[in-house]
Amino acid sequence: MVKGPLVRFVCLAALVAPLVDAATAAAQPEVRDHRTEGPPPAAPGPEVRDHRGGGGGGGYRRRPGPRFMMPLKIDIGFAGANTSRGFGAGLGGAVGIHWASLSPEPTQTDVGIGLFGAVLGTPKDPMGMSTNNAVAYGGAYLELAHTLSHGSFWRTWGSGRGEYLSSEAFNQPNRIGLGASGRLSAELFISGVGIEPRGLFLGTYAIGVFVEGAVRNTTSDIGKIQFCTGLTFRTPLVFAP
């Protein structure tokens, strides 16, 4: 079984899952009973609500939306690498805390730390000696980036990463190593800051695309060069007590 890199990749998914759950959560409505016949009595306060549509579906809803988010950059896409059994393809991703996601003003420089990983499937063993056709790698990264071009709501980035990772393939022992990757990305974004009694908003929402190439010191069954391409997202810091 592939263990070490998969554990790291599950950790990556665990960081993303609370964001998805929080973004889709809505407050429960307060149900009011309006089954009395005839027009309702006048409200004692200045606010009057009309429920004559029959039977009582009225209620109040608090504003839905995330209660807490971190200033993240999230990548997910197609990953590939050559292996001792041929070309392997699968899913790659990364999640990290980044300055360009937190900055309330458009910035031309980004720095971030986070986790990355990929799980690939390969052709079957032609000798029939093993039924395990999966390879995996993943670890931690430090990324530096600078804008190549930009407008009022769009920008392109060139970036480099230093990586500390582990890799496994075909039930071979886990290998620890270092890696370096370069990437190009383009994104649409909005940024700003909002402070009010209901909470705090600080940073940038963005969606874009990226392509990445890497050289990594992996186990001998995985080629030293890997690539990944897909979608990239940014989320700001949101705190609503």
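Name the single residue that is nearest to PHE210 (Cα to Cα) among those in region 57-82 being modelled with pLDDT of 90 or more and buried (at least 20 other Cβ atoms within 10 Å of the Cβ). The selected residue is ASP75.
Taking residues in region 192-212 that are within 14 Å of MET69 (Cβ to Cβ), and partners anywhere that are among the polar types (S, T, N, Q) and surrounded by 14 or more Cβ atoms within 10 Å (Cβ to Cβ), the pairs with Cβ atoms closer than 7 Å and at least 6 places apart or on different chains are GLY203/SER101; GLY203/SER103; GLY203/SER191; THR204/SER101; THR204/SER103; THR204/SER191; TYR205/THR235. Selection within region 194-218: residues that are modelled with pLDDT under 90 and either in a strand (DSSP E or B) or of a type in the set (S, T, N, Q) (or both). The member of this set that is surrounded by the most Cβ atoms within 10 Å (Cβ to Cβ) is PHE201. Residues in region 136-170 that are outside any strand (DSSP E or B) and either surrounded by 13 or more Cβ atoms within 10 Å (Cβ to Cβ) or in contact with an Asp or Glu (Cβ under 7 Å, 6 or more places away or on another chain) (or both): PHE170 only.
The values are calculated or read from the model by the stated rules, or taken from the named source; none is laboratory data. Computed from a prediction, not measured in an experiment: that's the story for all the values here. Using ideal geometry, Cβ is built from the backbone for each residue, glycine included, and neighbour counts are taken over all protein chains shown.
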